[in-house]
Structure formats: C-alpha cells, structure tokens
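Below is one structure, written out as structure tokens; the observations come after it.
The values are calculated or read from the model by the stated rules, or taken from the named source; none is laboratory data. If you're wondering where the values come from, they're calculated on a predicted model, not measured in any experiment. FYI the Cβ positions are ideal-geometry reconstructions off the backbone, even for glycines, and counts take in every protein chain you see. In case anyone asks, the SASA skips ligands and DNA or RNA and just uses the protein heavy atoms, side chains included. Shrake-Rupley method; radii C 1.70, N 1.55, O 1.52, S 1.80 Å.
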Amino acid sequence: MINTEKIKTTLRKAEKLADIYGCKLNLGFSGGKDSVALKYFADYYGIEYVANFNNTQIEQYREMIGFIKKNYPDVNIIHPDKENSFFELMKRKGIPSLFRRWCCNSLKHSNPKLSEYRVNLIGVRGEESAARMRRGAISVFGRSDRAKKTQEKLRATFASAGSEVRCEGGKDKVNIYPVFDLKERNVWDIIRTERLVIPDVYYSGVKRLGCAFCPFASYKQNLETIKYRPQIARAWLKVLSDEEFQSRQKNVVGRTNGAGLFYLYIKGSFLTNESFYKGLRYLSQKDLNGKTGLQVFEEYLKENNVCR
C-alpha cells in the first residue's frame, strides 16, 4: 500500500525548506518512470517547483529529449557547456568507475547551471540498491561537519508527523527523495492507474534508463548499447585512442590500444587487479581461429559501425 500522506508531507516540507533557504525548489526530472511518478505527486499536491532535466548527452534512450519536450513541456532541458560535457570531462578526469563516479556528480547532480537550486526533489527509491537504502531519504552535501549536522536535523524533521520545518538557511545542497519508500510495483500501479506517460522502451523489457555505458551496466548490456548507440561508442573510442589520454594510462601503455581500453572498461576489468590482468590476457590471447580477443572485439565494433 502506498503511503501517499507521507509523500505529501515530504513534498510540502521540501517546499518550505526551499523557502527558508531562499531558493526555488528543483525537481530533478530524468524522464524515467520514478521521476515521472515524483512529478505526478508534486503536481497533484500543488507543490511549487521548477523541473529541470540535465542533458548528459550520453542518454541510453536516444529519444529522451524529444520525449520530454512532447510529454512534459514544462521541464527545462539543461545542456552542459562544451568544457563540461562528458567526453571533455573524461579527458581531464579519466575513465569513470564504480569507485570514481565523477560522471554522475558532474553531469546529473552538480550541473553548474543549476547551482542556484539548493533544495532538490529527486526520484530515488531505496529499493534500487543496498547503498541507496543505507543513504536514506535525505542527503546533504557541503562542508562535512556542517552538512552532517544539517542532515541529522533534516532527517529528524522529515521523519516526524508534524509539518513544521525549522532550519537555518545554509549553503549546503539538500537532496530529498519523496518516493524513497515506494516499491517498483507501486510505481507501476501509479503509472497504470493515472495513465502516466513513460518512455516506450519500458514496455520492451527495459527496467531502468540512464547513461550509455554506465559503470553499473553489465558487459552484456554494454554490447547491446554498442549496437543501439554506436555514435556514443565512437565518441568513447575517439577519447580512448587519443595519444595524450593514453599516455596517462601508464598501466596499459604498450599493451593495448583505444579499442582495448574500451573493452576493458565495458567488461568491468578495471575493478580489481585480477580482473584487469585477466582482461589484458584475453585481449592478447588467440582463439581457435587464430584471432586475438582484441581482434574479435574490433571486428564487433566494425560490424556495428563504430569504426572502420
């Protein structure tokens, strides 16, 4: 059963908190089913907010911007400046990973163009991962000591049944997750009952949308993404093949090329030393047809119009 009263209270408290902080309330709209459900509740309860979509330019669902413009025209599309685009950032920050998810922080959560919004509504659910469940329904980012105290106060405030919000206006960024307690089946119930519009790929078996070649994606998913989004794969390969970029990858210099680096990334080989060296061995070893793993992967890239 959905606790709509808790969602309503959380939304109204978030609205009050934004007023205390002296900023507009941002609703981070990703276009996925959870953010669609979040927006539905915010609209239903008459919450005053501004909805923004951070265009990462590497969306798995290539029709996302068109989908938002058609179905949710009140959502602002925020495009990054060239110097803050994913591939320009990768040149400076290196290949992202599960342990260095600078891509999420830089492109989704901390867009410089949205710095004025210090209180944000995000469609995150605790059920999605153990890490998210541990993080709780409110996150505060800022100077560590102050942010920690602010987070403790706000969690107590939002967990209480009362509606009064007391918090000094601060410089910290506060993310609030009103649909945190919803299960996936609850979200689907809302979508069906209220006839909410979501990307059609959900009806073809896709469970989650996000960025192409996300560090969380499996190798199988990444191989499918190469087929579906070859232009993004080409952009990856261009950066990974750059001599200056490769010169910073000291542990692979002389062992493989840009395609090999791309394979190691989508295979998840950078997670441990064991998986890294296993990946390198695969790239250099020959199969029964006399082809190395690298040659097999390069042929796959050519078959899918990623390279010639």
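Worth a mention:
- Computed from Cα atoms, the angle from the helix 4-21 axis to the main principal axis of the chain rounds to 90 degrees.
- Cα gyration tensor shape of segment 1-65, rounded if a/c is under 1.5, else prolate or oblate by comparing a/b with b/c: oblate
- 222 nm mean residue ellipticity, helices alone, for the chain (DSSP H n ≥ 4; -39,500 (n - 2.57); rounded to 500): -13500 deg cm²/dmol
- Accessible area per residue was computed with a 1.4 Å probe on protein heavy atoms; Arg155 scores about 90 Å².
- Carbon plus sulfur fraction of accessible area for segment 169-308, probe 1.4 Å, in percent: 48 percent
- Cα gyration tensor category, rounded, prolate or oblate, for the chain with a/c compared to 1.5: prolate
- Above-threshold pairs, the threshold being 18 Å between Cα atoms, out of Lys238/Lys302; Lys70/Lys113; Lys93/Lys227; Lys39/Lys171: Lys70/Lys113; Lys93/Lys227; Lys39/Lys171
- Cβ-Cβ FRET estimate between Arg135 and Lys227, R0 fixed at 45 Å, reported to 0.05: 0.85
- For the chain, share of DSSP beta bridges that run antiparallel, in % to the nearest 5: 30 percent
- Nearest 10 degrees, 0 to 90: helix 230-240 Cα axis against the chain principal axis: 70 degrees
- Split the accessible area of segment 2-92 by element, probe 1.4 Å, and carbon with sulfur accounts for 46%.
- Heavy-atom accessible area per residue - segment 1-102, 1.4 Å, Å²: 47 Å²
- Estimated FRET transfer efficiency when R0 is 41 angstrom, pair Leu196-Lys286 (beta carbons, to 0.05): 0.20
- For Glu59, the amide hydrogen comes within under 5 Å of the amide hydrogens of Ala212, counting only partners 5 or more places away or on other chains and with H modelled in the peptide plane.
- Relative to the dominant Cα principal axis of the chain, helix 184-194 is inclined by about 60°.
- Close amide H pairs (under 5 Å, H built 1.01 Å from N) link Thr292 with Asp287, residues at least 5 positions away or on another chain.
- Cα gyration tensor category, rounded, prolate or oblate, for segment 215-308 with a/c compared to 1.5: rounded
- The label point for Arg248 and the one for Arg185, both projected 7 Å from the Cα toward the Cβ, are 4.7 nm apart.
- Within the assembled protein chains, the solvent-accessible surface assigned to Lys148 is about 130 Å², based on a 1.4 Å probe.
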